[in-house]
1. What is the one condition in (1) within 27 Å of B:Pro64 (Cα to Cα); (2) open to solvent by 40 Å² or more (accessible area, probe 1.4 Å) that B:Ala187 does not satisfy?
2. Within segment A:190-213, how many residues are away from chain B (no Cβ under 14 Å) and either open to solvent by less than 20 Å² (accessible area, probe 1.4 Å) or in contact with a His (Cβ under 6 Å, 6 or more places away or on another chain) (or both)?
3. Take the residues in segment B:214-223 that are hydrophobic (A, V, I, L, M, F, W, C) and more than 7 Å from every other protein chain (Cβ to nearest Cβ); name whichever of them is farthest from A:Ala216 (Cα to Cα).
4. Restricting the first residue to segment B:18-34 and requiring it to be under 15 Å from B:Val52 (Cβ atoms), which pairs with a second residue that is open to solvent by 30 Å² or more (accessible area, probe 1.4 Å) and of a type in the set (A, V, I, L, M) meet a Cβ separation below 6 Å and a spacing of at least six or different chains?
5. Would a scan of segment B:195-213 turn up a residue that is in a strand (DSSP E or B) and under 26 Å from A:Ala159 (Cβ atoms)?
6. Within the set of pairs 6+ apart or on separate chains, which have a first residue in segment A:36-58 that is farther than 23 Å from A:Val104 by Cα, a second that is among the β-branched types (Val, Ile, Thr), and C-beta atoms under 6 Å apart?
7. A:Leu221 - would you say it is under 24 Å from B:Ala199 (Cα atoms), of a type in the set (A, V, I, L, M, F, W, C), at pLDDT below 95 and outside any loop (DSSP other than H, G, I, E, B)?
8. Please tell me if B:Glu175 is of a type in the set (Asp, Glu) and either modelled with pLDDT under 95 or touching a Leu at 6+ places or on another chain (Cβ under 8 Å) (or both).
There are 2 protein chains.
Amino acid sequence: VVLELFATPAALTRYAPLVRAVRDSGARLSPVTDEALGTLADTVNPQGLVAVCRHVDVDLDTVPAHVRLVAVLVEVRDPGNAGTVLRTADAAGATAVVFAGASVDPYNPKCVRASAGSLFHVALVRAGDAAAVLARLRAAGLRVLAADAHGSADLDDLADAGALAAPTAWLFGSEAHGLPDVLAEAADARVRVPIHGRAESLNLAAAAAVCLYASARAHRLKEPPA
Amino acid sequence: VVLELFATPAALTRYAPLVRAVRDSGARLSPVTDEALGTLADTVNPQGLVAVCRHVDVDLDTVPAHVRLVAVLVEVRDPGNAGTVLRTADAAGATAVVFAGASVDPYNPKCVRASAGSLFHVALVRAGDAAAVLARLRAAGLRVLAADAHGSADLDDLADAGALAAPTAWLFGSEAHGLPDVLAEAADARVRVPIHGRAESLNLAAAAAVCLYASARAHRLKEPPA
């Protein structure tokens, strides 16, 4: 996906195998000074490499039908949260991550950095209409679960009942407002992560980690032993 | 814990019950202008209230012996991560959260905000010597687990084996460097969260959420039915 790579002299040496792989792929390699790289990067201490990449998002219709885990971000505005959920979804084995509604641009630099490369590992989808995404995922045979701090279903109870073993799409709303009510109602269940202490709620990225890993564990338990 | 509360005219009205509770507790109430409050708060859009609170941390020796879940942050420098783990630990039912070694000051404003009040819900401990904390927690009968992306024990396997049902203290290291090796070796197990996709790792707050909730679930399963 790299179109052009800018690298400082130090980075050319330090990341030589990576630089070679990029050059072998046909991308353009542009050596630059530390000062020039500093103006390209928007971190304070850049690592000496800046790559221009093509966009990697795909249409939802190109996502394979037989997936087991999908994460859908609905109106998630914070790029750090969105990128962290993308990274966590990848780690939990999600095939696709959908940025729906007015969610942050997945190519926002903070989102890209928080994703720690997972942007390139999953099928990344941008979709304006979250309700249409839900309908499409359900038509593909996925159980749609809305993460909702006030949901009527307890995550542990669903796990105990074996209800997380099905192919599942999780919907996550914004930290400030949660999911739009009409969307949460359209899901197969509104699911809360149990709160055992006195915290009012979990933050978005933590709740998503617990939900996605609960599904991953249920899928793993369902697998025949290797 | 509030010693003095500064409030704008709008906040005095909007949060009247809270303001009354603070005044009834004997704290000093100081009405201020929006401008004055703006200089007290370090957020861009303050909510109109700033409270001066006493420090709430306690000595590790005052933490009750019969606790089931403790989180220990070791050399965690990022205040947002530390505050999020504090909030998640509270939600998962942890009794105490220890800021050990050269971890960030728990009273760092970003940490306080990320904790979303959980700073006041758990026994907060500051301790310089992480190894001494480990020894003290083990002496109190807790199983000490080191969260380690390269750990030899798989979190799901421990859960399957019932090994998470014991009272547990989780050690979490910095996102950049993980736990100091000597400390991880001193734990009862080095535990990795399984990675099902292509992500190299989880971020600290997500890994902590998965670990702490795995313990919470094991503790809940062990409980006799209500």
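1. Tallying (1) within 27 Å of B:Pro64 (Cα to Cα); (2) open to solvent by 40 Å² or more (accessible area, probe 1.4 Å), B:Ala187 fails exactly one: (2).
2. Taking segment A:190-213 as the starting set, the residues that turn out to be away from chain B (no Cβ under 14 Å) are A:190.
Right, trim to either open to solvent by less than 20 Å² (accessible area, probe 1.4 Å) or in contact with a His (Cβ under 6 Å, 6 or more places away or on another chain) (or both) and you get none.
So the count comes out to 0.
3. Start the filter on segment B:214-223 by keeping residues that are hydrophobic (A, V, I, L, M, F, W, C), which leaves B:214, B:216, B:218, B:221.
Adding the requirement that they be more than 7 Å from every other protein chain (Cβ to nearest Cβ) leaves B:214, B:218, B:221.
On the way: B:Ala214: 13, B:Ala218: 17, B:Leu221: 19 Å.
This residue is B:Leu221.
4. Going by the 6 Å Cβ cut-off, the qualifying pairs are B:Val19/B:Leu12; B:Val22/B:Val2; B:Arg23/B:Leu29; B:Ala27/B:Val2; B:Ala27/B:Leu3.
5. Kept after step one, since they are in a strand (DSSP E or B), are these residues of segment B:195-213: none.
The answer is no, given that none of the residues of segment B:195-213 is in a strand (DSSP E or B) and under 26 Å from A:Ala159 (Cβ atoms).
6. A:Leu37/A:Thr8; A:Gly48/A:Thr8
7. On the way: under 24 Å from B:Ala199 (Cα atoms): yes; of a type in the set (A, V, I, L, M, F, W, C): yes; at pLDDT below 95: yes; outside any loop (DSSP other than H, G, I, E, B): yes.
Against the criterion (under 24 Å from B:Ala199 (Cα atoms), of a type in the set (A, V, I, L, M, F, W, C), at pLDDT below 95 and outside any loop (DSSP other than H, G, I, E, B)), A:Leu221 qualifies.
8. Numbers: of a type in the set (Asp, Glu): yes; either modelled with pLDDT under 95 or touching a Leu at 6+ places or on another chain (Cβ under 8 Å) (or both): yes.
Against the criterion (of a type in the set (Asp, Glu) and either modelled with pLDDT under 95 or touching a Leu at 6+ places or on another chain (Cβ under 8 Å) (or both)), B:Glu175 qualifies.
The values are calculated or read from the model by the stated rules, or taken from the named source; none is laboratory data. Note that the coordinates shown come from a computational prediction; the quantities given were computed from them, not determined experimentally. Glycine also receives a Cβ, built like all others from the backbone with ideal geometry; neighbour counts cover every protein chain displayed. All accessible areas refer to the heavy atoms of the entire protein, side chains included, with ligands and DNA or RNA removed. Shrake-Rupley method; radii C 1.70, N 1.55, O 1.52, S 1.80 Å.
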